[in-house]
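S.K.: Got a structure for you, questions after.
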Amino acid sequence: HAKQEGGNASRAFRPEMEQALQVRVCMEAELRQALATDQLQLFYQPQVDTRGTIIGAEALIRWQHPERGMISPGDFIPLAEETGLIEQIGGWVLDTACQQLATWSRHDATSHLQLSINVSVRQFQQADFVSRVLDTIARHRAPAERLTLELTESLLLANVEGVIDKMTRLKQHGLNFSLDDFGTGYSSLAYLKRLPFNTLKIDVSFVRDVLVDANDAAIVKTIVALADSLQLKSVAEGVEMQAQREFLERLGCHYHQGYYFGRPSPIDVFEAHLATQASASATTP
Ligand code: C2E
Ligand code: MG
Ligand code: MG
Ligand code: MG
């Protein structure tokens, strides 16, 4: 015992390490509780075409903590990934999104909408991921061809053949795939060619300064051109200004997403926004 407590260095960092561990353990328990008691929520952020018409949404998870208020995914998804809780959370996201897509598909005003969800590596790597997705879609009678799974490049670090196999099977049922945060990871262009993605999403970090940073502009230009030559669609994330939108549109970027078009919002706010747009376009000569 004396040995453990001896030495200034260990005395200095131990309490902090212990505290960090406690916070983690506590947060993990709270996250389990959140799943069980409906504290998780999907927010919906519009995705628009070059005319600004809403073509669908990306579903983004939020945690409504009873004491701490709304918690962003950046503050709990990494822990969920480490602990494996992401498998259950991802299942909940998939279920909720399919239910929403099915509801949209039953109404004329919303039946065209696409919905994208984020799938983490650990969830995608589940041996039965394909059947989980197909079962969930079937259970809700959701239109598979309007569901997009957003994957990140980190998926490509291992077992590319397995990834291709799963994607191909899901594509045969109509699902779409989008490569999220493109350019921030390490995907090899050789893999990109072989993977059946529909869309490349240009990361916020390149879009943010695209008007003032020549390097970012060059990167964005290259990604749009790459998408075109692979016959993929490109989506720009993080569009906050009209000038960014115009710049991206001139480059030939197909779709946009960002605060300029709408923030991630609860479903009722998203649907109200959609209705406002529909009535505005109905009265435009
Ligand atoms: P992402 O999938 O790349 O999502 C885009 C992020 O950019 C979202 O952050 C969104 O709110 C933010 N964003 C959108 N427009 C703008 C803009 O104009 N300016 C700026 N500065 N940011 C914008 P959010 O909602 O905090 O999500 C962060 C990340 O958490 C997501 O990045 C995704 O990787 C992960 N995530 C979110 N929901 C889920 C989920 O259901 N499952 C999993 N596995 N991961 C999720
Ligand atoms: Mg995403
Ligand atoms: Mg992204
Ligand atoms: Mg991201």
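We did not get these values from a lab; they are worked out from the coordinates using the rules stated. None of these values were measured; they are calculated from a predicted model. Neighbour counts run over all protein chains shown; Cβ positions are idealised from the backbone, glycine included.
S.K.: Given just the C-alpha atoms of segment 27-115, how large is their convex hull per residue in cubic angstrom?
M.R.: Details: hull volume 9.7 nm³, N = 89.
In segment 27-115, the Cα hull volume divided by residue count equals 109 Å³.
S.K.: Amide H neighbours of I61 under 5 Å, at least 5 residues apart or on other chains, H built in the peptide plane: list them.
M.R.: When sequence neighbours closer than 5 places are left aside, the close amide H contacts are F43.
S.K.: If the elastic network links every pair of Cα atoms under 10 Å, which of R132, R14, R122 fluctuates the most in the Gaussian network model of the chain?
M.R.: R14
S.K.: Next up: Determine the distance separating the Cα centre of segment 106-181 from the Cα centre of segment 224-285; give it in Å without decimals.
M.R.: 22 Å
S.K.: Take the alpha carbon gyration tensor of segment 133-252, find the square roots of its eigenvalues, order them as a ≥ b ≥ c, and report rounded if a/c is under 1.5; if not, report prolate when a/b exceeds b/c, else oblate.
M.R.: Details: a/c = 2.45, a/b = 1.65, b/c = 1.49.
Prolate.
S.K.: Here's another thing I want to ask about it. Angle between the Cα long axis of helix 160-172 and the longest principal axis of the chain, 0 to 90 degrees, nearest 10?
M.R.: Approximately 40 degrees, to the nearest 10.
S.K.: Residue by residue through segment 77-91, what is 3J(HN,Hα) from phi via Karplus (6.51 cos²θ - 1.76 cosθ + 1.60, θ = phi - 60°)? Round to whole Hz and write x for glycine and proline.
M.R.: Residue by residue, segment 77-91 yields 5, x, 5, 4, 5, 5, 8, x, 4, 4, 5, 6, 4, x, x Hz.
S.K.: Using a Gaussian network model of the chain whose springs link C-alpha atoms within less than 10 Å, name the residue from L211, L200, L113 with the highest mean-square fluctuation.
M.R.: L211
S.K.: Spin-label point model (7 Å from Cα, Cβ direction): what's the V25 to H173 distance in nm?
M.R.: My value for the distance between the label points is 4.0 nm.
S.K.: By the gyration tensor of its Cα atoms, with a ≥ b ≥ c the square roots of the eigenvalues, what is the shape of segment 11-56: rounded for a/c under 1.5, prolate for a/b over b/c, or oblate? Provide the component values of the computation, followed by the final result.
M.R.: On the way: a/c = 9.88, a/b = 2.38, b/c = 4.16.
It comes out oblate by the Cα gyration axes.
S.K.: Let me ask something else about it. Quickly work out the V269-to-A282 label distance, labels modelled 7 Å from Cα along the C-beta direction, and quote it in nm with one decimal.
M.R.: Distance between label points: 2.5 nm.
S.K.: Output ³J(HN,Hα) for segment 139-155: one whole-Hz value per residue in order, computed from phi by the Karplus curve 6.51 cos²θ - 1.76 cosθ + 1.60 with θ = phi - 60°, and x for Gly and Pro.
M.R.: Listing the rounded values in order: 4, 8, 6, 8, x, 4, 6, 10, 9, 10, 9, 8, 10, 10, 4, 4, 4 Hz.
S.K.: Something else now. For the chain, what does the alpha-carbon gyration tensor say about shape, rounded, prolate or oblate, given a ≥ b ≥ c as the root eigenvalues, a/c under 1.5 as rounded, and a/b over b/c as prolate? All intermediate terms of the calculation are to be shown ahead of the outcome.
M.R.: On the way: a/c = 1.58, a/b = 1.44, b/c = 1.10.
Because a/c hits 1.5 or more and a/b exceeds b/c, the chain counts as prolate.
S.K.: For helix 267-283, report the angle its Cα long axis makes with the longest principal axis of the Cα atoms of the chain; keep it between 0 and 90° and round to the nearest 10°.
M.R.: Orientation of helix 267-283: about 20 degrees from the principal axis.
S.K.: Under the Karplus relation 6.51 cos²θ - 1.76 cosθ + 1.60, θ = phi - 60°, what is the ordered set of whole-Hz ³J(HN,Hα) values for segment 37-54, x standing for Gly and Pro?
M.R.: With coefficients 6.51, -1.76 and 1.60, one gets 10, 6, 8, 8, 8, 9, 9, 10, 10, x, 10, 10, 8, 5, 8, x, 6, 5 Hz.
S.K.: With a sphere of radius 14 Å drawn around the Cβ of V25, what net charge do the other residues whose Cβ falls strictly inside it have (Lys, Arg +1; Asp, Glu -1)? Present the calculation step by step, with values, prior to reporting the outcome.
M.R.: Values: positive: R24, R32; negative: E18, E28, E30, E82.
The answer is -2.
S.K.: With both partners inside the chain, how many of the DSSP beta bridges are antiparallel, as a percent to the nearest 5? Write out the running numbers ahead of the final one.
M.R.: On the way: 14 of 35 bridges.
Antiparallel bridges make up about 40 percent of those DSSP assigns within the chain.
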